[in-house]
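First up is the structure itself, then whatever we jot down about it.
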Amino acid sequence: MRGGTSATLHEEESLGKAYDARLIRRIWPYLRPYRGQVFLALLILVLVAAAQLAQPYLIKIAIDEHITPGQLEGLAAVAGMFFIALLAEFLLRYAQFYVMERTGQNVVYDIRTAVFGHLQRLPAKFFDKNPVGRLMTRVTSDVEALNEAFTSGLVMILADLVKLVGIVAILLWMDWRMALITFAILPVMLVVTWQFRSRVRSAYRRVRGVVAKLNAFLQESVSGMRLVQLFGREKANAELFEGVNGEHLGAQLKGVRYDSSFSAVAEMIGSITLAAIVWAGGGRILQGSITFGTLVAFIDYAEKFFRPVQELSQRYTTMQAAMASAERLFKLLDTEPTIVTPDSPKSLPRPMRGRVGFDGVTFGYDPEQPVLHDVSFAIEPGQKIGVVGWTGSGKSTLIRLLTRLYDIQQGSITLDGVDVRELDLEELRRSVGVVLQDHFLFAGTLEYNVSLGDPRITPERVREAARAVRADRFVERLPKGWDEEVRERGSNFSMGERQLLSFARALAFDPAVLVLDEATASVDPETEHHIQEALETLMQGRTSIVIAHRLSTIRDADRILVLHQGQLVESGTHDELVEVQGGIYRTLHRLQTASVA
Ligand SMILES: Nc1ncnc2c1ncn2[C@@H]1O[C@H](COP(=O)(O)OP(=O)(O)OP(=O)(O)O)[C@@H](O)[C@H]1O
Ligand SMILES: [Mg+2]
């Protein structure tokens, strides 16, 4: 957990540019399908600015041409125009938000789909290196941050700029001398904003870091709650949590402190500027160089001018966070799926025979540290092969290589004489049925867990497969039968039940080669008997490789392979191997029969 947390923290720290043309160019293809809407949003925002900026000027007209000279005729028309401007602003703003959010959410949907699709094609090695939490952040908040870059970043910055340019032009046109007084405050405003904002920014960055830590801690504690309770770690855990939670409070309060003092200071600068405008403007009214209405409009414009300036730094932060998210997202999208179907795949002979060959296979998860050394064996069609060895000897690794979850570094693995790397990946994985060591179940119904939503697996086939492996008995006893919902990771089913379901799944897919990685957990003799029977059904008429922890499972195998520290050290039938003096199989056998006795 510690490692994960510090990695997340580190990620949060690495905020850089707020605008990166290279990244924007890469985001563009996702925006392109919606470019009509994007341009519409831009057009609307110009109109919003126009409706907004017309208002102070209408007030000026009302004061100068009607109220001051006492000319009430026509005042109603000006008021009407003011009302129309207000209404237009309201409606256009609504339209702008709607169009923008709609576009943004569509883009989010597309990017998320692309990222998830890409994730599904990445090799097992990638998932070994990247913690789940981090990948989840990619698909959820990083994509969302990208949306914000668009809706509250880029578009709003453009809107602000349009507004600012408009105000500057109007102010200079109305009275350039007073305009210059107004702008004189601008550098002060920018410096103060910048000073405060960079503090606020680093305070909130710290908050995000602590939140990541909080999440990691929570995730671990909640998923390990049973263990925590069994070992009486609640108090110690609560203390750890209080520590992180307190850190969060501290970081948050610091941000709030900066934030509130910034608001107060910005407000004060604004007021001082207004005072300066009133002071200078009052003088000029008395001199007769401007009208009262101009002064009122000026004050209004000045207020509209400062708000975007203050918000600019906020937008900067949004953009910065979005660029960092985009950087991470594209890095993920740029991760090449290394295990893919070759350009011109060879096909397997039909019908498949089910011959498996390992020839001089050397492999390491880290190429520097092989866990399999020069492993060679051949399995003839229809043969049943057992694989045994101490824990960590490389048994499960063999399966992962046959199904190309990882690619080997030396040697070759063949299926019916074709190198697995030359086959269509989908065809390979359809031909080799695997029952994994951990009987993972997905959220969904029991039926879904057997068919995995494959249209070829009909409900009849699910039931047939279940009957063959005798999984139907326990399913039928459930209140909802096949419609029973599976809870997270299958926690509402026992190990034995999950195993039988995995068997049903493998049988329903009817592979030519069956590979079974036996769970280490021991089951009661009755279940063991069921499983044994189910296995017989499963293996009938196909090449099978059974990694066994209980030697009884493979007693009648055609051949048993013994792995030791990644090397194939013994091979033969049960009867042959128990005779090998000092052999590993003999030792394993003696240990197991002794423990039973
Ligand atoms: N994803 C992985 N990344 C790095 N090393 C791994 C990975 N999976 C397994 N290993 C290492 O490879 C070696 C062989 O692992 P493997 O899972 O093949 O053992 P096994 O024989 O199936 O053990 P068990 O009987 O406990 O299931 C072990 O030393 C293990 O630590
Ligand atoms: Mg294993």
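Bear in mind these aren't lab numbers, they're just calculated from the coordinates by the rules spelled out. Please read these numbers as outputs of a predicted model, since none were measured by experiment. No Cβ is skipped: glycine too gets one built from the backbone with ideal geometry, and neighbour counts run over all protein chains shown.
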Subject >> Label-point gap, in nm, between residue 22 and residue 524 - each point 7 angstrom along Cα→Cβ >> reply: 6.3 nm
Original post:
Of 509, 583, 251, whose Cα points farthest to the positive end of the dipole of the chain (charges on the beta-carbon: +1 Lys, Arg; -1 Asp, Glu; origin at the Cα centre)?
Top reply: 251
**OP:** Any aspartates and glutamates with Cα under 12 Å of the residue 395 Cα? List them, leaving off those in the same chain fewer than 8 positions away.
**Re:** 517, 518
**OP:** Hey, can you grab everything whose amide H is under 5 Å from the amide H of residue 559? Only 5+ residues off in sequence or another chain; H modelled, so Pro and N-termini drop out.
**Re:** 384, 386
Subject >> Residue-wise HN-Hα coupling along region 137-152, computed from phi with Karplus coefficients 6.51, -1.76, 1.60 (Hz; x: Gly, Pro) >> reply: 4, 4, 6, 9, 6, 5, 5, 5, 4, 5, 5, 5, 4, 7, 6, 9
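Give me the number: length gained by fully extending residue 249 to residue 378, i.e. 0.36 nm times residue separation minus the C-alpha to C-alpha distance, one decimal in nm. Each step should come with its number before you reach the end.
Numbers: separation 129, 0.36 × 129 = 46.44 nm, distance 6.26 nm.
Fully extending the segment from residue 249 to residue 378 adds 40.2 nm.
Subtract the Cα-Cα distance of residue 314 and residue 87 from 0.36 nm times their separation in residues, and report this length gain in nm to one decimal.
Working: separation 227, 0.36 × 227 = 81.72 nm, distance 2.80 nm.
The span from residue 314 to residue 87 would gain 78.9 nm if fully extended.
Grab the DSSP H runs of the chain that are 4 residues or longer, score each as -39,500 (n - 2.57), total them, divide by all residues and round the 222 nm result to the nearest 500 deg cm²/dmol. Write out the running numbers ahead of the final one.
Numbers: 21 runs with 370 residues, N = 597.
For the chain, the value works out to -21000 deg cm²/dmol.
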Subject >> Rounded to 10°, Cα long-axis angle of helix 525-539 versus longest principal axis of the chain >> reply: 90 degrees
Original post:
Near residue 391, within a Cβ-to-Cβ distance under 15 Å, what is the net charge of the other residues, with Lys and Arg +1 and Asp and Glu -1?
Top reply: -1
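For a 22 Å ceiling on Cα separation, which of these pairs sit above it: 60/163; 17/163; 17/129; 129/331; 129/235? Write out the running numbers ahead of the final one.
Working: 60/163 19 Å; 17/163 25 Å; 17/129 27 Å; 129/331 14 Å; 129/235 32 Å.
Those over the limit are 17/163; 17/129; 129/235.
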Subject >> Using a Förster distance of 22 Å, the FRET efficiency for residue 569-residue 594 (Cβ separation, nearest 0.05) >> reply: 0.50
**OP:** Give a residue-ordered list of calculated ³J(HN,Hα) values for region 559-566 (Karplus: 6.51 cos²θ - 1.76 cosθ + 1.60, θ = phi - 60°; whole Hz; x for Gly, Pro).
**Re:** 7, 10, 9, 10, 9, 9, 6, x
Subject >> Other-chain or far-sequence residues with amide H under 5 Å of residue 291's (modelled H) >> reply: none
Original post:
With the contact rule set at Cα under 8 Å and sequence spacing of 6 or more, what percent relative contact order holds for region 3-333?
Top reply: 36 percent
Original post:
What FRET efficiency do you get for residue 556 and residue 426 if R0 is 22 Å and r is their Cβ-Cβ distance, rounded to the nearest 0.05?
Top reply: 0.10
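Taking the Cα centre of the chain as origin and charging only Cβ (+1 Lys, Arg; -1 Asp, Glu), how large is the dipole, in debye to the nearest 20? Intermediate results must be reported in sequence, preceding the final value.
On the way: 65 positive and 68 negative charges, 276 e Å.
My answer is approximately 1320 debye.
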**OP:** Please give the direction-averaged projected area of the C-alpha convex hull for region 356-596, in square nanometres with one decimal.
**Re:** 13.3 nm²
Original post:
What list of ³J(HN,Hα) values in whole Hz, one per residue of region 256-267 in order, does the Karplus curve 6.51 cos²θ - 1.76 cosθ + 1.60 (θ = phi - 60°) give from phi, with Gly and Pro shown as x?
Top reply: 4, 4, 4, 4, 6, 5, 5, 4, 5, 5, 4, 4
Subject >> Distance from region 500-551 to region 233-301 (C-alpha centre basis), Å >> reply: 69 Å
Original post:
Taking Cα atoms, how many degrees apart are the long axis of helix 495-509 and the longest axis of the chain, rounded to 10 and kept between 0 and 90?
Top reply: 90 degrees
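Which shape class applies to region 339-394: rounded if a/c is under 1.5, otherwise prolate when a/b exceeds b/c and oblate if not, where a ≥ b ≥ c are the square roots of the Cα gyration tensor eigenvalues? Don't skip to the end; give the middle numbers.
Working: a/c = 2.77, a/b = 1.28, b/c = 2.17.
Oblate shape, in that a/c is at least 1.5 and b/c is the bigger or equal ratio.
Which order do 438, 300 fall in if you start with the one that has the fewest other Cβ atoms within 10 Å?
Working: 438 13, 300 17.
Fewest-to-most Cβ neighbours within 10 Å comes out as 438, 300.
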**OP:** Starting from the Cα coordinates of the chain, work out the convex hull volume and express it per residue in Å³.
**Re:** 217 Å³
Subject >> Ranked 183, 217, criterion: other C-beta atoms within 10 Å, fewest first >> reply: 183, 217
Original post:
Residue farthest toward the positive end of the dipole of region 3-333, with Cβ of Lys/Arg at +1 and Asp/Glu at -1: which of 170, 181, 232?
Top reply: 232
**OP:** Rank these for me by crowding, 102, 463, going from fewest to most other beta carbons within 10 Å.
**Re:** 102, 463
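Please state the charge dipole magnitude for region 290-418, taken about the Cα centre, from unit charges on C-beta atoms (+1 on K and R, -1 on D and E), reported in debye and rounded to the nearest 20. Walk me through the numbers before you get to the answer.
Working: 13 positive and 14 negative charges, 102 e Å.
The dipole magnitude comes to about 500 debye.
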Subject >> Relative contact order of the chain, pairs being alpha-carbon contacts under 8 Å that are 6 or more residues apart, as % >> reply: 15 percent
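What full-extension length gain, to one decimal in nm, is calculated for residue 289 and residue 188 as 0.36 nm per residue of separation minus the Cα-Cα distance? Please list the in-between numbers first.
Numbers: separation 101, 0.36 × 101 = 36.36 nm, distance 2.79 nm.
Going from the current span to full extension adds 33.6 nm.
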**OP:** Would you mind giving the average projected area, over all directions, of the Cα convex hull of region 3-333 in nm² with one decimal?
**Re:** 21.4 nm²
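For residue 412 and residue 307, what is the calculated FRET efficiency with R₀ set at 60 Å and r taken between the beta-carbons, to the nearest 0.05? Provide the component values of the computation, followed by the final result.
Numbers: r = 69 Å, r/R0 = 1.14.
Efficiency at R0 = 60 Å is approximately 0.30.
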